[in-house]
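A quick write-up on the structure given underneath.
The values are calculated or read from the model by the stated rules, or taken from the named source; none is laboratory data. None of the values given here were measured: they were computed from a predicted structure. Cβ: placed from backbone, ideal geometry, glycine included. Neighbour counts: every protein chain shown.
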Amino acid sequence: MRNDKLVKVIVEDLSHLGEGVAKVDGFPIFIPAAMPGDELEVEIVKTKKNFGFGRIKNIINPSSTRVHPRCDKFGICGGCQTMSLAYETQLEFKEKRVKDSIQRIGKINTPVSTIIGMEDPWNYRNKAQFPIGINGNRVVMGFYRQGTHDIVNSTKCYIQHPTIDKVREVMRAFIVEHNISLYDEDTGKGLIRHLVVKVGFTTEEVMVILVINGEKLPHEGHLVENLKQVIPGLVSVCVNYNKKKTNVVMGSRVDVVYGSNYLTDRLDQLTFRISPHAFFQVNPEQTIKLYDKALEFACLSKKDNVMDIYCGIGTISLFAAQKAGKVLGIESVEAAVKDAKINAEINNIKNVEYVAGKAEVVMSKYASAGYAPDVIIVDPPRKGCDETVLEAMVRMNPSRIVYVSCNPATLARDLKILEEQGYKTVKIQPIDMFPHSAHVETVVLMSRKAK
Ligand SMILES: C[S@@+](CC[C@H](N)C(=O)[O-])C[C@H]1O[C@@H](n2cnc3c(N)ncnc32)[C@H](O)[C@@H]1O
């Protein structure tokens, strides 16, 4: 198929990245911002051997599930992919995606429960990372256009906590006022790279991190004063140093220029301290539902010895410790482990321990030493579990495994391996942590098969 060719298509499905999928003579075309059921005129912009990419030229007949997207940057900005799809339909597609992955990749036929969505799926995110650049003589801060490193300027985001918009605009005015240089990815020159903002939904505490390609942020005292005037909950302003040519947002070194090196938030009855490098689930309302489900599946009693692999700042572990005899958390980010230990103290929970290290290394060591938890809870990053981790889990022989995943494909791959090693998938619960995006979270209960 020729590039720039115009074709008429009916969109049949959504891809795992949230693009519409249509076929032209059996040849799949991925079309950003196209929704299933749309009849479209599409320009073919790129073709590969087995598929191509298109751009909407004209909506001939919109899908009955189309809604007007709230955000005028939708379709340009890569932050959201499905905002023009009715929320109920977004949920149906996410549930279907989990089912398809589990059946196709995992070869598992366990029924998938109805996805748990949000009642009000807006302003749910507690964290944003904005790349900052220059377009002409305008400071642009926002999100990358999907599949590129072009920054789409944002002044209002409908999925984030509203305070995040305020912080971004203070930062923009500060950069303009002091004429501070902005990082250019091509040349590696320019000072300011990224703005990271974290907000505590219950405490309303705010942490601001400015990532710079240099040693010193000029006028930092002025920035703090400007932020304090507009953000009453400001508890921390940090500078992070990243001088590498890399897509990784933050470097390892952080200096506090105002307040503390953490913010605090609460989930249910527990209080958590979160430092700049530590992971904290981005949708607090759904996190409570996610953890409730994980604990319901774990079905813990005070007799149970639990392992929480990829434990972050100890959130799941501390909920689990209230029901279990003992919990051991494993996490590779040292700052997160430090937070987890302090979080146990703050919440006066004593039956939990944390180990810093890569799960691949720590799990093998504990398995070889004969460590045998009754329940393993595992919540890896998108790439899923390393095979050595799965192997160590099996050697530890827990009666139940609760797998929390943000990627149905790697989840299904790992479940298949665990099924082959003596575990059965008992329950599968998708949860929508990321409305208007293509991402979906899933919690799975596996139990050891009788020998
Ligand atoms: C999806 S988060 C889950 C964190 C936590 N369970 C929660 O709900 O907040 C995954 C965590 O795994 C950690 N991690 C990534 N790779 C790791 C590895 N190889 N070994 C141990 N932890 C790792 C990350 O730092 C992150 O905290």
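Condition (residue is out of contact with any Asp or Glu (no Cβ under 8 Å at 6 or more places or on another chain), on the phi < 0 side of the Ramachandran plot, free of Cβ contacts under 8 Å to residues at least 24 places away in the same chain and away from the ligand (no atom under 13 Å from the Cβ)) applied to the stretch 343-360: is it met by at least one residue? Yes: the stretch 343-360 contains one or more residues that are out of contact with any Asp or Glu (no Cβ under 8 Å at 6 or more places or on another chain), on the phi < 0 side of the Ramachandran plot, free of Cβ contacts under 8 Å to residues at least 24 places away in the same chain and away from the ligand (no atom under 13 Å from the Cβ). Assessment of the stretch 72-79 against the conditions (surrounded by fewer than 19 Cβ atoms within 10 Å (Cβ to Cβ) and touching a Lys or Arg at 6+ places or on another chain (Cβ under 7 Å)) yields at least one matching residue. When 297, 280 are screened for being out of contact with any helix residue (DSSP H, G or I) (no Cβ under 6 Å at 6 or more places or on another chain), in contact (Cβ under 8 Å) with a residue 24 or more places away in the chain and more than 25 Å from residue 123 (Cβ to Cβ), only 297 passes.
Yes or no: the stretch 145-166 includes at least one residue that is under 18 Å from the mean Cα position of the chain (by Cα), in a helix (DSSP H, G or I) and not basic (Lys, Arg). Yes: one or more hits. Could you count how many residues in the stretch 252-294 are charged (D, E, K, R) and under 21 Å from residue 194 (Cβ atoms)? The number of residues fulfilling the criteria is 2. Can you find a residue that is part of a loop (DSSP other than H, G, I, E, B) and under 24 Å from residue 8 (Cβ atoms) anywhere in the stretch 90-101? No; the residues of the stretch 90-101 include none that is part of a loop (DSSP other than H, G, I, E, B) and under 24 Å from residue 8 (Cβ atoms). State yes or no: is residue 141 touching a residue at least 60 places away in the same chain (Cβ under 8 Å) and not assigned by TED's automatic domain parsing to the domain that holds residue 15? No: the conditions fail for residue 141. Can you name the condition, by its number, that residue 104 falls short on among (1) touching a helix residue (DSSP H, G or I) at 6+ places or on another chain (Cβ under 7 Å); (2) in contact (Cβ under 8 Å) with a residue 12 or more places away in the chain? Of everything listed in (1) touching a helix residue (DSSP H, G or I) at 6+ places or on another chain (Cβ under 7 Å); (2) in contact (Cβ under 8 Å) with a residue 12 or more places away in the chain, residue 104 misses just condition (1). For the stretch 203-228, what are the residues that are over 26 Å from residue 267 (Cα atoms) and under 26 Å from the mean Cα position of the chain (by Cα)? Once the filter is applied, which keeps residues that are over 26 Å from residue 267 (Cα atoms) and under 26 Å from the mean Cα position of the chain (by Cα), the stretch 203-228 yields 210, 211, 212, 213. Cβ-Cβ distances below 7 Å connect the following pairs, each with a first residue in the stretch 424-444 that is farther than 11 Å from residue 112 by Cβ and basic (Lys, Arg), a second residue that is modelled with pLDDT of 95 or more and surrounded by fewer than 22 Cβ atoms within 10 Å (Cβ to Cβ), and a separation of six or more residues or different chains: 424/447.
Residue by residue, here is whether (1) in contact with a Leu (Cβ under 8 Å, 6 or more places away or on another chain); (2) over 24 Å from residue 175 (Cα atoms) holds:
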position	(1), (2)
214	yes, no
217	yes, no
233	no, no
242	no, no
250	no, no
269	no, yes
275	no, yes
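Looking only at residues of the stretch 296-342 that are of a type outside the set (A, V, I, L, M, F, W, C), near the ligand (Cβ under 9 Å from one of its atoms) and assigned to a helix (DSSP H, G or I), we find that the one that is nearest to residue 280 (Cα to Cα) is 315. The number of residues in the stretch 372-392 that are away from the ligand (no atom under 12 Å from the Cβ), outside any helix (DSSP H, G or I) and buried (at least 16 other Cβ atoms within 10 Å of the Cβ) comes to 4. Checking each residue of the stretch 403-421 against the condition of being more than 12 Å from the ligand (Cβ to nearest atom) and in a strand (DSSP E or B) gives no match.
Filtering the stretch 270-295 to residues that are among the aromatic types (Phe, Trp, Tyr), part of a loop (DSSP other than H, G, I, E, B) and surrounded by 21 or more Cβ atoms within 10 Å (Cβ to Cβ) leaves only 280.
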